[in-house]
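The values are calculated or read from the model by the stated rules, or taken from the named source; none is laboratory data. In this text, all values refer to a predicted model and were calculated from it rather than measured experimentally. Here the Cβ positions follow ideal geometry from the backbone for every residue, glycine too, while neighbour counts run over all protein chains shown. Only protein heavy atoms, including side chains, enter the accessible area calculation; ligands, DNA and RNA are left aside. Shrake-Rupley method; radii C 1.70, N 1.55, O 1.52, S 1.80 Å.
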Amino acid sequence: MKAMVLNQYGPDAKFEQAEINTPQAQAGQVIVRVAAVSVNTVDTMIRQMGADLLPLSPELPAVLGMDFAGTIESVGDGVTDFAPGDDVYGCAGGLADLQGALAEYIPADARLIAHKPKSLSMREAAALPLVGITAYEGLQRAGASAGQNVLVHGGTGGVGHVAVQLARHLGAKVFTTVSGDQPFEIVRGYGATPIDYKKGSVADYVTAHTDGAGFDVVFDSVGGANMTNSFEAAALNGQVVTTVAMLELDLNPAHFKGLSIHVVFMLIPMLHNHQREDHGRILANLAKIVDEGALSPLLDEQRFSFDEVGLAYERLTSGQATGKVVVER
(Lines give C-alpha, C1' and ligand atoms only; values in the text may rest on other atoms or scores of the structure.)
Protein backbone atom coordinates (compact mmCIF):
# COMPACT_ATOMS: atom_id res chain seq x y z
CA MET A 1 0.00 0.00 0.00
CA LYS A 2 1.03 3.63 -0.40
CA ALA A 3 2.05 5.66 2.64
CA MET A 4 3.56 9.07 3.37
CA VAL A 5 6.75 8.20 5.26
CA LEU A 6 9.39 10.08 7.22
CA ASN A 7 12.89 8.68 6.65
CA GLN A 8 14.42 11.13 9.10
CA TYR A 9 13.32 13.46 11.87
CA GLY A 10 13.92 17.19 12.15
CA PRO A 11 12.29 20.57 11.45
CA ASP A 12 12.89 20.15 7.71
CA ALA A 13 12.13 16.41 7.50
CA LYS A 14 10.12 15.65 4.36
CA PHE A 15 7.23 13.26 3.91
CA GLU A 16 7.93 10.90 1.02
CA GLN A 17 5.57 8.52 -0.72
CA ALA A 18 6.57 4.88 -0.27
CA GLU A 19 5.21 1.38 -0.70
CA ILE A 20 4.87 -0.50 2.60
CA ASN A 21 3.24 -3.77 3.55
CA THR A 22 -0.55 -3.73 3.73
CA PRO A 23 -1.53 -4.62 7.32
CA GLN A 24 -3.58 -7.69 8.19
CA ALA A 25 -6.08 -7.58 11.04
CA GLN A 26 -4.80 -9.21 14.21
CA ALA A 27 -7.06 -10.33 17.06
CA GLY A 28 -8.93 -7.32 18.44
CA GLN A 29 -8.02 -5.12 15.48
CA VAL A 30 -9.79 -3.64 12.49
CA ILE A 31 -8.24 -2.54 9.20
CA VAL A 32 -9.55 0.88 8.19
CA ARG A 33 -9.34 2.33 4.69
CA VAL A 34 -8.30 5.88 5.55
CA ALA A 35 -10.29 8.79 4.11
CA ALA A 36 -8.95 11.72 6.16
CA VAL A 37 -6.31 12.43 8.81
CA SER A 38 -6.01 15.48 11.04
CA VAL A 39 -2.75 17.06 12.12
CA ASN A 40 -2.23 17.67 15.83
CA THR A 41 0.47 19.63 17.63
CA VAL A 42 1.91 16.38 19.00
CA ASP A 43 2.31 15.10 15.41
CA THR A 44 4.42 18.13 14.53
CA MET A 45 6.47 17.70 17.70
CA ILE A 46 7.26 14.07 16.79
CA ARG A 47 8.33 15.12 13.31
CA GLN A 48 10.60 17.86 14.64
CA MET A 49 12.09 16.17 17.71
CA GLY A 50 12.24 12.47 16.88
CA ALA A 51 14.34 10.57 19.41
CA ASP A 52 14.22 13.55 21.79
CA LEU A 53 10.51 12.83 22.25
CA LEU A 54 10.75 9.18 23.26
CA PRO A 55 8.72 7.11 23.92
CA LEU A 56 6.31 8.87 21.53
CA SER A 57 8.33 8.85 18.31
CA PRO A 58 8.15 5.72 16.12
CA GLU A 59 11.27 4.11 14.71
CA LEU A 60 12.25 5.27 11.22
CA PRO A 61 10.95 4.96 8.58
CA ALA A 62 7.88 6.32 10.35
CA VAL A 63 4.23 6.58 9.35
CA LEU A 64 2.68 9.36 11.45
CA GLY A 65 -0.94 10.42 11.82
CA MET A 66 -2.94 9.75 14.99
CA ASP A 67 -6.45 10.96 14.13
CA PHE A 68 -8.39 9.48 11.24
CA ALA A 69 -11.76 8.72 9.75
CA GLY A 70 -12.46 5.99 7.24
CA THR A 71 -14.24 2.76 6.41
CA ILE A 72 -13.56 -0.66 7.87
CA GLU A 73 -12.06 -3.07 5.36
CA SER A 74 -11.73 -6.14 7.58
CA VAL A 75 -11.94 -7.21 11.23
CA GLY A 76 -9.80 -9.53 13.32
CA ASP A 77 -10.80 -12.30 15.68
CA GLY A 78 -12.85 -11.18 18.68
CA VAL A 79 -14.16 -7.97 17.11
CA THR A 80 -17.95 -7.93 17.43
CA ASP A 81 -18.92 -4.24 17.48
CA PHE A 82 -17.71 -3.42 13.97
CA ALA A 83 -18.04 -4.94 10.51
CA PRO A 84 -16.60 -4.31 7.04
CA GLY A 85 -18.24 -1.25 5.51
CA ASP A 86 -18.73 0.61 8.80
CA ASP A 87 -17.63 4.25 8.80
CA VAL A 88 -15.50 4.89 11.88
CA TYR A 89 -13.22 7.45 13.48
CA GLY A 90 -10.53 7.29 16.12
CA CYS A 91 -7.05 8.07 17.39
CA ALA A 92 -5.11 4.83 17.19
CA GLY A 93 -1.61 5.15 15.74
CA GLY A 94 1.28 7.36 14.69
CA LEU A 95 3.36 6.89 17.84
CA ALA A 96 5.60 4.28 19.45
CA ASP A 97 5.05 0.93 17.67
CA LEU A 98 1.59 1.81 16.30
CA GLN A 99 1.45 2.51 12.56
CA GLY A 100 -0.09 5.88 11.78
CA ALA A 101 -2.91 6.91 9.48
CA LEU A 102 -0.92 8.61 6.72
CA ALA A 103 -1.39 5.53 4.57
CA GLU A 104 -4.07 3.79 2.56
CA TYR A 105 -4.90 1.55 5.52
CA ILE A 106 -4.36 1.68 9.28
CA PRO A 107 -4.54 -1.27 11.67
CA ALA A 108 -6.48 -0.01 14.68
CA ASP A 109 -7.26 -1.52 18.05
CA ALA A 110 -11.06 -1.81 18.00
CA ARG A 111 -11.19 -0.39 21.53
CA LEU A 112 -9.78 2.93 20.29
CA ILE A 113 -12.43 3.70 17.66
CA ALA A 114 -16.16 4.34 17.35
CA HIS A 115 -18.74 4.66 14.62
CA LYS A 116 -18.38 8.01 12.87
CA PRO A 117 -20.95 10.70 13.67
CA LYS A 118 -23.56 10.38 10.94
CA SER A 119 -23.89 14.14 10.51
CA LEU A 120 -20.18 14.72 9.78
CA SER A 121 -18.11 14.25 6.66
CA MET A 122 -14.95 12.15 6.85
CA ARG A 123 -12.89 15.34 6.91
CA GLU A 124 -14.88 16.74 9.82
CA ALA A 125 -14.86 13.48 11.77
CA ALA A 126 -11.09 13.09 11.43
CA ALA A 127 -10.65 16.43 13.22
CA LEU A 128 -12.30 15.30 16.44
CA PRO A 129 -10.76 12.24 18.17
CA LEU A 130 -7.65 13.51 19.96
CA VAL A 131 -9.02 16.93 20.86
CA GLY A 132 -12.48 15.57 21.61
CA ILE A 133 -11.23 12.90 23.98
CA THR A 134 -8.93 15.42 25.69
CA ALA A 135 -11.70 17.98 26.22
CA TYR A 136 -14.23 15.35 27.34
CA GLU A 137 -11.84 13.73 29.80
CA GLY A 138 -10.73 17.06 31.25
CA LEU A 139 -14.26 18.31 31.89
CA GLN A 140 -15.27 14.92 33.29
CA ARG A 141 -12.35 14.80 35.71
CA ALA A 142 -13.06 18.38 36.81
CA GLY A 143 -16.71 17.53 37.46
CA ALA A 144 -17.98 20.32 35.21
CA SER A 145 -21.75 20.62 35.50
CA ALA A 146 -24.79 22.78 34.91
CA GLY A 147 -24.79 26.17 36.58
CA GLN A 148 -21.04 26.42 37.00
CA ASN A 149 -18.85 29.19 35.66
CA VAL A 150 -16.29 27.58 33.34
CA LEU A 151 -13.31 29.38 31.80
CA VAL A 152 -11.58 27.86 28.78
CA HIS A 153 -8.23 29.30 27.74
CA GLY A 154 -7.85 29.24 23.96
CA GLY A 155 -11.44 28.82 22.84
CA THR A 156 -10.70 28.53 19.11
CA GLY A 157 -7.80 26.10 19.48
CA GLY A 158 -8.04 22.39 18.78
CA VAL A 159 -8.89 21.28 22.30
CA GLY A 160 -10.31 24.62 23.37
CA HIS A 161 -13.12 24.87 20.83
CA VAL A 162 -14.35 21.40 21.79
CA ALA A 163 -14.10 22.13 25.53
CA VAL A 164 -16.19 25.29 25.07
CA GLN A 165 -18.95 23.41 23.27
CA LEU A 166 -18.95 20.44 25.65
CA ALA A 167 -19.11 22.71 28.70
CA ARG A 168 -22.10 24.49 27.15
CA HIS A 169 -23.68 21.09 26.44
CA LEU A 170 -23.30 20.28 30.14
CA GLY A 171 -25.22 23.44 31.00
CA ALA A 172 -22.33 25.52 32.31
CA LYS A 173 -21.94 29.24 31.77
CA VAL A 174 -18.83 29.38 29.59
CA PHE A 175 -16.22 32.08 29.14
CA THR A 176 -13.13 31.81 26.96
CA THR A 177 -9.95 33.77 26.33
CA VAL A 178 -9.42 34.65 22.67
CA SER A 179 -8.30 37.66 20.66
CA GLY A 180 -9.49 39.12 17.38
CA ASP A 181 -12.83 39.66 15.65
CA GLN A 182 -13.09 36.22 14.02
CA PRO A 183 -12.40 34.24 17.22
CA PHE A 184 -14.90 36.43 19.09
CA GLU A 185 -17.56 35.65 16.49
CA ILE A 186 -16.78 31.92 16.56
CA VAL A 187 -17.05 31.50 20.33
CA ARG A 188 -20.17 33.63 20.54
CA GLY A 189 -21.65 31.20 18.03
CA TYR A 190 -20.91 28.44 20.56
CA GLY A 191 -22.86 30.36 23.21
CA ALA A 192 -19.75 31.41 25.15
CA THR A 193 -18.63 34.83 26.36
CA PRO A 194 -15.31 35.89 24.79
CA ILE A 195 -12.61 37.52 26.90
CA ASP A 196 -9.82 39.40 25.12
CA TYR A 197 -6.76 38.24 27.05
CA LYS A 198 -4.68 41.02 25.47
CA LYS A 199 -6.82 43.68 27.08
CA GLY A 200 -6.90 43.90 30.84
CA SER A 201 -5.60 41.60 33.55
CA VAL A 202 -6.84 38.29 34.92
CA ALA A 203 -8.11 40.14 37.96
CA ASP A 204 -10.11 42.44 35.67
CA TYR A 205 -12.04 39.64 33.97
CA VAL A 206 -12.48 37.66 37.17
CA THR A 207 -14.10 40.74 38.69
CA ALA A 208 -16.16 41.51 35.60
CA HIS A 209 -17.58 38.00 35.10
CA THR A 210 -17.62 36.39 38.56
CA ASP A 211 -17.77 39.37 40.92
CA GLY A 212 -14.27 38.44 42.04
CA ALA A 213 -15.17 34.91 43.16
CA GLY A 214 -13.31 33.14 40.33
CA PHE A 215 -14.33 30.37 37.95
CA ASP A 216 -15.44 26.97 39.24
CA VAL A 217 -13.52 25.19 36.46
CA VAL A 218 -10.61 26.54 34.44
CA PHE A 219 -9.71 24.47 31.38
CA ASP A 220 -6.24 25.55 30.28
CA SER A 221 -5.57 24.30 26.76
CA VAL A 222 -2.65 26.75 26.48
CA GLY A 223 -0.76 25.49 29.52
CA GLY A 224 2.86 26.22 30.33
CA ALA A 225 3.36 29.60 31.94
CA ASN A 226 -0.34 30.36 31.39
CA MET A 227 -1.11 28.02 34.28
CA THR A 228 -0.31 30.87 36.67
CA ASN A 229 -3.20 32.77 35.05
CA SER A 230 -5.40 29.72 35.54
CA PHE A 231 -4.55 29.58 39.25
CA GLU A 232 -5.40 33.29 39.58
CA ALA A 233 -8.68 32.89 37.69
CA ALA A 234 -9.90 29.85 39.64
CA ALA A 235 -12.32 30.04 42.55
CA LEU A 236 -11.49 28.79 46.04
CA ASN A 237 -11.43 24.98 45.97
CA GLY A 238 -11.78 25.24 42.21
CA GLN A 239 -10.75 22.81 39.48
CA VAL A 240 -7.92 23.47 37.01
CA VAL A 241 -7.45 21.25 33.96
CA THR A 242 -4.28 21.49 31.88
CA THR A 243 -3.07 19.73 28.77
CA VAL A 244 0.45 21.20 28.89
CA ALA A 245 2.09 20.83 32.30
CA MET A 246 5.72 20.19 31.32
CA LEU A 247 7.35 22.97 33.32
CA GLU A 248 8.55 23.99 36.77
CA LEU A 249 5.91 26.05 38.52
CA ASP A 250 5.27 27.70 41.86
CA LEU A 251 2.28 25.85 43.32
CA ASN A 252 1.84 28.21 46.28
CA PRO A 253 -1.12 30.03 44.65
CA ALA A 254 -2.81 26.69 44.01
CA HIS A 255 -2.14 25.55 47.58
CA PHE A 256 -3.62 28.62 49.24
CA LYS A 257 -6.75 28.37 47.09
CA GLY A 258 -7.11 24.62 47.63
CA LEU A 259 -7.16 23.98 43.90
CA SER A 260 -7.41 20.54 42.32
CA ILE A 261 -5.16 20.20 39.26
CA HIS A 262 -5.96 17.67 36.55
CA VAL A 263 -3.27 16.89 33.96
CA VAL A 264 -4.78 15.30 30.84
CA PHE A 265 -2.40 13.26 28.70
CA MET A 266 -4.72 11.38 26.38
CA LEU A 267 -1.98 9.30 24.73
CA ILE A 268 -1.61 7.07 27.82
CA PRO A 269 -4.02 4.35 26.57
CA MET A 270 -2.13 4.05 23.27
CA LEU A 271 1.33 4.20 24.82
CA HIS A 272 0.69 1.78 27.68
CA ASN A 273 -2.29 -0.29 26.46
CA HIS A 274 -4.12 1.06 29.49
CA GLN A 275 -7.93 1.29 29.58
CA ARG A 276 -8.20 1.70 25.81
CA GLU A 277 -11.91 0.97 25.96
CA ASP A 278 -12.39 4.36 27.66
CA HIS A 279 -11.43 6.09 24.43
CA GLY A 280 -13.91 4.08 22.38
CA ARG A 281 -16.63 4.89 24.91
CA ILE A 282 -15.83 8.61 24.83
CA LEU A 283 -15.78 8.68 21.03
CA ALA A 284 -19.19 6.96 20.95
CA ASN A 285 -20.56 9.57 23.37
CA LEU A 286 -19.05 12.39 21.34
CA ALA A 287 -20.70 11.02 18.19
CA LYS A 288 -24.10 11.20 19.93
CA ILE A 289 -23.44 14.77 21.08
CA VAL A 290 -22.41 15.75 17.55
CA ASP A 291 -25.49 14.17 15.98
CA GLU A 292 -27.68 15.97 18.53
CA GLY A 293 -26.28 19.24 17.18
CA ALA A 294 -24.39 20.27 20.32
CA LEU A 295 -20.84 19.89 18.97
CA SER A 296 -19.22 20.66 15.64
CA PRO A 297 -15.53 20.61 14.72
CA LEU A 298 -13.84 23.85 13.73
CA LEU A 299 -11.79 23.28 10.58
CA ASP A 300 -9.18 25.52 9.05
CA GLU A 301 -10.24 26.96 5.72
CA GLN A 302 -7.27 25.50 3.82
CA ARG A 303 -7.59 21.96 2.45
CA PHE A 304 -4.77 19.51 1.77
CA SER A 305 -4.37 16.20 -0.04
CA PHE A 306 -2.17 13.38 1.28
CA ASP A 307 0.56 14.46 -1.15
CA GLU A 308 0.50 17.86 0.55
CA VAL A 309 0.89 16.58 4.12
CA GLY A 310 4.13 18.56 4.53
CA LEU A 311 2.23 21.75 3.73
CA ALA A 312 -0.45 20.78 6.23
CA TYR A 313 2.18 20.40 8.96
CA GLU A 314 3.63 23.80 8.01
CA ARG A 315 0.15 25.33 8.17
CA LEU A 316 -0.37 24.13 11.73
CA THR A 317 3.08 25.15 12.97
CA SER A 318 2.74 28.60 11.37
CA GLY A 319 0.16 29.57 13.98
CA GLN A 320 -2.07 30.94 11.22
CA ALA A 321 -4.60 28.11 11.19
CA THR A 322 -7.99 28.59 12.81
CA GLY A 323 -9.25 25.24 14.03
CA LYS A 324 -8.06 21.81 12.89
CA VAL A 325 -5.88 21.13 9.86
CA VAL A 326 -6.92 17.99 7.95
CA VAL A 327 -5.49 16.08 4.99
CA GLU A 328 -7.75 14.02 2.73
CA ARG A 329 -7.24 11.02 0.51
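At-a-glance table
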item: Net lengthening on full extension, N252/D181 (0.36 nm per residue, minus Cα-Cα); result: 22.0 nm
item: Mean Cα-pair separation over length for region 107-218, i.e. relative contact order, pairs under 8 Å, 6 or more apart, %; result: 23 percent
item: Cα gyration tensor of region 9-160 - equivalent ellipsoid semi-axes, whole Å, descending; result: 26, 22, 13
item: Karplus 3J(HN,Hα) series, Hz, for region 54-69 with 6.51 cos²θ - 1.76 cosθ + 1.60 (x for Gly, Pro); result: 5, x, 6, 6, x, 5, 7, x, 10, 10, 8, x, 8, 8, 7, 9
item: Residues in region 87-129 reached by a label modelled at N21 [backbone nitrogen below 20 Å; 7 Å Cα→Cβ]; result: 93-110
item: Kirkwood Rh in Å, taken over region 228-295 so that all alpha-carbon pairs contribute; result: 14.5 Å
item: Long-range amide H partners of A114 with built H, under 5 Å; result: Y89
item: Accessible surface, region 56-206, averaged per residue in Å² (probe 1.4 Å); result: 36 Å²
item: Residues whose placed amide H lies under 5 Å from that of A35, excluding near-sequence neighbours; result: A69, G70, T71
item: Convex hull (Cα only) mean projected area of the chain, reported in nm² to one decimal; result: 15.7 nm²
item: Exposure rank, largest accessible area first [H209, H274, H161, H262; 1.4 Å]; result: H274, H209, H262, H161
item: Cα-projected label distance for M49 with D12, points at 7 Å along beta-carbon direction, nm; result: 2.2 nm
item: Scaled radius of gyration (Cα, divided by 2.2 N^0.38 Å) that region 158-291 gives; result: 1.12
item: Long-range amide H partners of G214 with built H, under 5 Å; result: none
item: Solvent-accessible ranking of F184, F219, largest area first, probe 1.4 Å; result: F184, F219
item: Using θ = phi - 60° and Karplus 6.51 cos²θ - 1.76 cosθ + 1.60, couplings along region 258-270 (whole Hz; Gly, Pro as x); result: x, 6, 9, 10, 10, 9, 9, 10, 6, 7, 3, x, 6
item: Residue-count net charge about I106 - beta-carbon cut-off 11 Å; Lys, Arg +1, Asp, Glu -1; result: -3
item: Interatomic Cα distance distribution for region 3-97, bins of 10 angstrom, percent; result: 16, 44, 30, 10, 0
item: Span-rule helices in the chain, defined as complete DSSP H runs reaching 24 Å or more along the axis (Cα) with Kyte mean at least 1.0; result: none
